[in-house]
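The values are calculated or read from the model by the stated rules, or taken from the named source; none is laboratory data. Remember, it's a predicted structure, so these values are computed and weren't measured experimentally. A quick note on method: Cβ atoms are made from the backbone with ideal geometry, for glycine too, and the neighbour counts reach across all protein chains shown.
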């Protein structure tokens, strides 16, 4: 604590105690001098409410209220000077002395003329404020400036401490529901809570100002948090062996986003008198967007980890090895499920979206293999065998993602249905019906393009050049309209180093 503040407050408090005793004694004396029992013995010239001096008195005695007011104002004026001197020397590096000054001076406490024994004799409502409005305003400005600087420093230190945990060899802690988390949200909001509790003791206006300040600094802090999480992901991708618990800590970072969201809502509900205040409402919208972006980037980073491990097996699809009995899809399913055992520690809102994205991306990679012309079937038997294998593997993937999405209450089978629809085009035995089958495919998936159709027909291996050209040109004349609930999937599939002209040859 600041020595000068302590000394001045101590002197002021002592002065109040002395003042109380003097007031009690003084008022008692004046009561005897001016009260009714003494009235008849006053000289005749003083009766009738006149202020003429009594014989033998050196100074005139004012009316009862004037004596009381004099006793109140003179010591109070002395306290005013002492308190003003004390606040003038408060340090600007810490808000704590200002907190103590405000808490002592904000109201007439028992130490500051609020003692119950003085109540019958002294009306504290008539006393002048100990601090002038200009001094109070200056103190508030200094307090807010100092608090802003300190919050920035505290948040920076909290993030640096959290980053050190990200490279530990041990897994992060889990909450009571088993979700990975770090201590960052708890530390940040404990600090906010402490400062808001102090501000609430001083005034409603100061409490609101401190809350808005906390939300503003939280917004800036989250931008830094996003940058650090991105750097963490990039450093890991350069060396996937480090950090040892990268997946677990990235899961914790994602979960922290949900915790931050909930804590912000809780803080506003507790300390914001009018929840519709514009500044606070806008800051929450902004923070929700940043937090969702952090979580989305984190989930994308984890899925990138999965697909780096799947790359070799995805490259086996639609090859001679695959047609002869590759177990690539078996390995893909086992690998995805193994990763999602760790992802089970992700909180539900993010895990739900992550599961849907993993499902979509696996199907996209499967269809991309179809479009890359890795194999061209040489007979109807091969086409039948390949198409049936595609249908079986679509069912494998469907079963896997139904299991992973259990409890989400949503049907995500539509992705795997795309593989089955493509397999139907491959399986068709009568080439004369090919246009009809392709038309059906295009009507279901209007985002499919000419290069996709050309690659699919090339994979069949039996469509003549004229047939392929006729089908593509006919479909171009009447493009299908997408249904409102259509989810595009072919738009993410590029046909590399192939174009329609080459496929028609």
Tell me which of these residue 395 doesn't satisfy, since it passes every other one: (1) surrounded by fewer than 16 Cβ atoms within 10 Å (Cβ to Cβ); (2) modelled with pLDDT of 95 or more; (3) not in a helix (DSSP H, G or I).
(3)
What are the residues in the range 429-443 that are free of Cβ contacts under 8 Å to residues at least 40 places away in the same chain and either over 20 Å from residue 470 (Cα atoms) or assigned to a loop (DSSP other than H, G, I, E, B) (or both), if any?
430
Could you tell me which residue of the range 147-178 is surrounded by the most Cβ atoms within 10 Å (Cβ to Cβ), considering only residues that are without any contact (Cβ under 8 Å) to a residue 60 or more places away in the chain and touching a helix residue (DSSP H, G or I) at 6+ places or on another chain (Cβ under 7 Å)?
162
Scan the range 393-408 and report the pairs whose first residue is more than 14 Å from residue 362 (Cα to Cα) and whose second residue is at pLDDT below 95 and not in a helix (DSSP H, G or I), with Cβ atoms within less than 6 Å and a gap of 6+ or a chain change.
405/412
Counted residues, the range 491-505 - those being surrounded by 19 or more Cβ atoms within 10 Å (Cβ to Cβ) and either more than 19 Å from residue 372 (Cα to Cα) or at pLDDT 80 or above (or both)
2
How many residues does the range 369-388 contain that are surrounded by fewer than 18 Cβ atoms within 10 Å (Cβ to Cβ) and outside any loop (DSSP other than H, G, I, E, B)?
6
Only one residue in 310, 303 is within 23 Å of residue 259 (Cβ to Cβ), without any contact (Cβ under 8 Å) to a residue 60 or more places away in the chain and not assigned by the TED database to the domain that holds residue 394, so which one is that?
303
How about the range 127-167: which of its residues are at pLDDT 80 or above and outside any helix (DSSP H, G or I)?
167
At pLDDT below 95, buried (at least 17 other Cβ atoms within 10 Å of the Cβ) and under 26 Å from the mean Cα position of the chain (by Cα): which single residue out of 295, 356, 344 fits that description?
356
